[in-house]
Amino acid sequence: MVKSRLIGITLAFSISLLLIGCGNGEEMQENDNAGVETANISETVDYEIIGIEPGAGAMGLSETALEEYDSLAGWELVEGSTAGMLTELDKAISNEEPIIVVGWNPHYMFASHDLKYLEDPKGTFGEEENINTITRMGLEEDMPGANEILDRFYWEVEDMESVMLEAQDMPMEEAASNWVEANRDKVNEWTEGVEPDDEKDIELVLTPWDSERASGEVMKLVLEEQGYQVELTPVDPAIVFQAIANGEADASLAPWLPVTHGPFYEEYKEDIVDLGPNLEGTIIGLTVPEYVDIESIEDLQPNE
Ligand code: PBE
């Protein structure tokens, strides 16, 4: 799904390059199906990018983009919350106004709205990423069974999205439970033949976004079925790594790597165990509604 979206984005981008190649600046300004001249989009959004929680990796990347792109000189990244960003996005879309937000996949915002990522020619937001499973040092020796289940845990973007989407209408826990019931074959692959440990308490740290709440609740159910008592603790990305490195928590399914949480990974990598990806194909980028008539971060204009 994400891949086909990417192809769509790439196609749209190539077509726009063709159009830009054939035309000139004036023609671009006439091409204004948002009711706002292309040249004025930056001014209309007040040179602001609507961000999310300040601790998010995506916010760090957006700050870097503000520094790296001449087109974003003098722009502001507005800190807030994911819920606040989604409200702003809804509002702008119902008024067909331009807006630029910090966006990502997997997330239902792409299912409920027609959105596109702005091209990122400098690669500040990285390519498609993975979500990895990490554990504290010594978990494998202390709880080989739980460690094995965590190590085997792997699912697809579509799986995570289906839980996230269902959780729009019910508690995340219930959506996770429905997914587990409907995907017994996958769950069995993670647990088959695993010897339960004597030690039964396990603490998973996660970040507070729906994507990680989804994986966290699924793993909680899977481990509980094997007799474990599971505590889920939502914290900032920096604290996820710190807690695992200190041994305060046992494992996490939440790190987005190599770029989004790369700085935390670099800081703590000697003191954690990386079990590799539990999901592949996440994306982060500056995001606009389809009707906003720009395709690249470089189409924006500095605030001078
Ligand atoms: N996110 C969702 C998080 C990780 C999961 C992309 C908003 C972040 O930026 O840290």
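The values are calculated or read from the model by the stated rules, or taken from the named source; none is laboratory data. Since we're looking at a predicted model, the values are computed, not measured. Note that each Cβ is placed from the backbone with ideal geometry, even for glycine, and that neighbours are counted across all protein chains shown.
Is there a residue in the range 296-303 that is over 20 Å from N147 (Cβ atoms), assigned to a helix (DSSP H, G or I), at pLDDT 95 or above and within 16 Å of the ligand (Cβ to nearest atom)? Within the range 296-303, none of the residues are over 20 Å from N147 (Cβ atoms), assigned to a helix (DSSP H, G or I), at pLDDT 95 or above and within 16 Å of the ligand (Cβ to nearest atom). The C-beta contact set for the range 232-256 (first residue under 23 Å from E127 (Cα atoms) and touching a residue at least 40 places away in the same chain (Cβ under 8 Å), second residue among the small types (G, A, S) and part of a helix (DSSP H, G or I), distance under 7 angstrom, 6+ apart or interchain) comprises P237/G57; L253/S215; L253/G216; W256/G57.
For beta carbons closer than 6 Å, sequence separation of 6+ or different chains, a first residue in the range 270-285 that is within 17 Å of L115 (Cβ to Cβ) and a second that is assigned to a strand (DSSP E or B) and at pLDDT below 95, there are no qualifying pairs.
Selection of first residues in the range 49-64 that are within 9 Å of V78 (Cα to Cα) and of second residues that are among the polar types (S, T, N, Q) and within 8 Å of the ligand (Cβ to nearest atom), restricted to Cβ pairs under 7 Å at least 6 apart or on distinct chains, gives the following pairs, ordered by first then second residue: I52/T82.
Each residue in the range 246-263 was checked for being over 14 Å from L206 (Cα atoms) and either crowded, with 18+ Cβ neighbours inside 10 Å or within 21 Å of the chain's Cα centre (by Cα) (or both), and 6 of them qualify. Restricting attention to the range 75-87, report how many residues are touching a helix residue (DSSP H, G or I) at 6+ places or on another chain (Cβ under 7 Å) and away from the ligand (no atom under 13 Å from the Cβ). Qualifying residue count, the range 75-87: 1.
Number of residues in the range 196-234 that are more than 15 Å from the chain's Cα centre (by Cα) and aromatic (F, W, Y) equals 1. Those strands (runs of 3 or more DSSP E) of the range 78-161 in which at least 3 residues are farther than 23 Å from L286 by Cα and in contact (Cβ under 8 Å) with a residue 12 or more places away in the chain, considering only elements entirely within it, cover 129-136. Taken together, L72, L61 contain a single residue that is more than 16 Å from the ligand (Cβ to nearest atom), modelled with pLDDT of 95 or more, surrounded by 16 or more Cβ atoms within 10 Å (Cβ to Cβ) and not β-branched (V, I, T), which is L72. Scanning the range 182-194 for residues that are crowded, with 20+ Cβ neighbours inside 10 Å and within 16 Å of the ligand (Cβ to nearest atom) turns up nothing.
Residues in the range 223-232 include none that are more than 19 Å from Y154 (Cα to Cα) and in contact with a His (Cβ under 9 Å, 6 or more places away or on another chain).
Selection of the range 189-213 for residues being assigned to a helix (DSSP H, G or I) and closer than 16 Å to A251 by Cβ yields W190, T191, E212, R213.
A count restricted to the range 88-121 and to residues that are of a type outside the set (A, V, I, L, M, F, W, C) and within 16 Å of the ligand (Cβ to nearest atom) stands at 8.
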